[in-house]
Amino acid sequence: MEIGTLLRKLRDRARISSRDLARRIGVSHSTYLDWEHDKTSPSLKSYIRLANALEMNPVELMAYLTNQTTQIVSSEEKSNTRDRELREMIAYLRLQNVTLIESSQQVVNELSKIHELQRDGLHLIQNSAL
């Protein structure tokens, strides 16, 4: 697939008009259209601005445009993924917290038993001395 076609797909996915994207990048509308129609290519500086305008990392954009990756992840999908990962982490930490509380309670119970045994043993020693 040509770079221009890929740029169009990214722009459509971001729901940005070609005029608006050109304005965000700081190039004329005709210059941007030349990129989409594979007449010319953006400069490195324009690629970076293009990535920012599309809310992408410049490396991700270059990888996508050079066919190193075919996955486009929108900022909404990234946010959803981060939210899901955070919810999973919170659930895991809550489970660990419950496990820690249960373990702490077991330790307290065992210490109470030891204390009772020590107290009972002390009473036996005192009673046998009488």
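Figure legend. Inter-residue proximity from the range 46-68: first residues in contact (Cβ under 8 Å) with a residue 60 or more places away in the chain, second residues part of a helix (DSSP H, G or I) and buried (at least 16 other Cβ atoms within 10 Å of the Cβ), beta-carbon distance below 8 Å, spacing 6+ or different chains. Indicated pairs: 65/3; 65/6; 65/7. With the checklist (1) acidic (Asp, Glu); (2) modelled with pLDDT of 75 or more; (3) under 16 Å from the mean Cα position of the chain (by Cα) in hand, flag the one item residue 77 doesn't pass. It fails just one condition, (2). Annotation note: of 15, 23, 84, the sole residue that is exposed (fewer than 10 other Cβ atoms within 10 Å of the Cβ) and either touching a residue at least 40 places away in the same chain (Cβ under 8 Å) or not β-branched (Val, Ile, Thr) (or both) is 15.
Does at least one position in the range 26-47 carry a residue that is at pLDDT 85 or above, in contact with a Phe, Trp or Tyr (Cβ under 9 Å, 6 or more places away or on another chain) and β-branched (Val, Ile, Thr)? Looking through the range 26-47, at least one residue is at pLDDT 85 or above, in contact with a Phe, Trp or Tyr (Cβ under 9 Å, 6 or more places away or on another chain) and β-branched (Val, Ile, Thr). When residue 62 is tested against (1) closer than 19 Å to residue 13 by Cα; (2) aliphatic (A, V, I, L, M); (3) modelled with pLDDT of 90 or more, just one condition goes unmet, and that condition is (3).
The values are calculated or read from the model by the stated rules, or taken from the named source; none is laboratory data. Values in this document were obtained by computation on a predicted structure and should not be read as measured data. Here the Cβ is made from the backbone with ideal geometry for all residues, glycine too, and neighbour counts use every protein chain on show.
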